[in-house]
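Student: Please see the structure below; I have some questions.
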């Protein structure tokens, strides 16, 4: 069965410094992987997705993620954090051969950005 | 504006009192789903629907019911709520061909006393 582990429950960064959010997955098949962001009191919004095309995926708001099959990882990065990046981030895995709506969410990483 | 609308946003109720949380989308999406979010657990899927009159269980369906009589609406029904159903609930929708991208509502925070 597929699963996803977010290695940090809480990350604190200074404004203007890089952000790294770590995600490892386990899957018997070639997975689809996603990062979603949840701002306070809001629903989730898709940041980016990997679906077996290019391994370096660019998303919205300057975020990108790299799919590394050998390491079963899909880490999210941003070169320079902005105050508006403070939010909770979820790594999500889905089997490409599974029924369409089955998603496995990670437990989430809370990002705090300090001035 | 394209959106997924949930109502109510906040709800406090008592054990055993039936309630319904509504979800409506205006994007003509075939797919809709309900999730609950609990601290440290991420989001867990309750039920999903591939189209009108087609629903299936997710990972945590116990204590919940759904119906899909119209494409745009997907209500979540708690026939006899219990305190362990206190949670933050999200409805989501998407197009079946655009695999696995979902659009989320703003959430419903439910407290069962």
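The values are calculated or read from the model by the stated rules, or taken from the named source; none is laboratory data. Quick caveat, the model's predicted, so the values are computed rather than measured. Because the Cβ atoms are built from the backbone with ideal geometry, glycine has one as well, and the counts that use them run over all protein chains shown.
Student: What's the total number of residues in segment A:18-34 that are assigned to a loop (DSSP other than H, G, I, E, B) and either over 19 Å from residue A:60 (Cβ atoms) or at the interface with another protein chain (Cβ under 10 Å from one of its Cβ atoms) (or both)?
Tutor: Kept after step one, since they are assigned to a loop (DSSP other than H, G, I, E, B), are these residues of segment A:18-34: A:18, A:22, A:27-30.
Filter once more, keeping what is either over 19 Å from residue A:60 (Cβ atoms) or at the interface with another protein chain (Cβ under 10 Å from one of its Cβ atoms) (or both): A:22, A:27-30.
Residues that pass the stated criteria total 5.
Student: Residues that are buried (at least 18 other Cβ atoms within 10 Å of the Cβ), in contact with a strand residue (DSSP E or B) (Cβ under 7 Å, 6 or more places away or on another chain) and over 22 Å from residue B:57 (Cα atoms): does segment A:1-10 have at least one?
Tutor: Yes: one or more hits.
Student: When the residues of segment B:28-51 are narrowed to those that are over 29 Å from residue A:110 (Cα atoms) and surrounded by 15 or more Cβ atoms within 10 Å (Cβ to Cβ), which ends up farthest from the other protein chains (Cβ to nearest Cβ)?
Tutor: The selected residue is B:29.
Student: Inside segment A:35-73, can you point out the residues that are farther than 30 Å from residue B:9 by Cα and within 14 Å of chain B (Cβ to nearest Cβ)?
Tutor: Passing the criteria: A:50, A:51, A:52, A:53, A:57.
Student: Taking residue B:82 and the conditions (1) within 10 Å of the chain's Cα centre (by Cα); (2) under 23 Å from residue B:13 (Cα atoms), which numbered condition does it fall short on, given that it satisfies the others?
Tutor: (1)
Student: In this structure, does residue B:102 turn out to be within 14 Å of another protein chain (Cβ to nearest Cβ) and more than 12 Å from the chain's Cα centre (by Cα)?
Tutor: Yes, satisfied.
Student: Can you find even one residue in segment B:85-104 that is touching a residue at least 24 places away in the same chain (Cβ under 8 Å) and surrounded by fewer than 14 Cβ atoms within 10 Å (Cβ to Cβ)?
Tutor: Yes, some residue in segment B:85-104 is touching a residue at least 24 places away in the same chain (Cβ under 8 Å) and surrounded by fewer than 14 Cβ atoms within 10 Å (Cβ to Cβ).
Student: A follow-up question, please. Can you tell me which residue within segment B:42-59, out of those that are within 22 Å of residue B:7 (Cβ to Cβ) and part of a loop (DSSP other than H, G, I, E, B), is modelled with the highest pLDDT?
Tutor: The residue in question is B:52.
Student: Restricting attention to segment B:52-71, which residues are away from chain A (no Cβ under 14 Å) and in contact with a strand residue (DSSP E or B) (Cβ under 8 Å, 6 or more places away or on another chain)?
Tutor: Passing the criteria: B:63, B:64, B:65, B:67, B:71.
Student: While we're here: Taking segment B:1-47 as the region of interest, how many residues are within 10 Å of the chain's Cα centre (by Cα) and free of Cβ contacts under 8 Å to residues at least 24 places away in the same chain?
Tutor: Selection size over segment B:1-47: 1.
Student: Yes or no: segment B:10-20 includes at least one residue that is farther than 24 Å from residue A:41 by Cβ and within 11 Å of chain A (Cβ to nearest Cβ).
Tutor: Looking through segment B:10-20, none of the residues is farther than 24 Å from residue A:41 by Cβ and within 11 Å of chain A (Cβ to nearest Cβ).
To keep it simple, each residue is scored yes or no on (1) within 21 Å of residue B:42 (Cβ to Cβ); (2) assigned to a strand (DSSP E or B).
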residue	(1), (2)
A:16	no, no
A:36	yes, yes
A:42	yes, no
A:46	yes, yes
A:52	no, no
A:66	no, yes
A:76	yes, yes
A:81	no, no
A:93	yes, yes
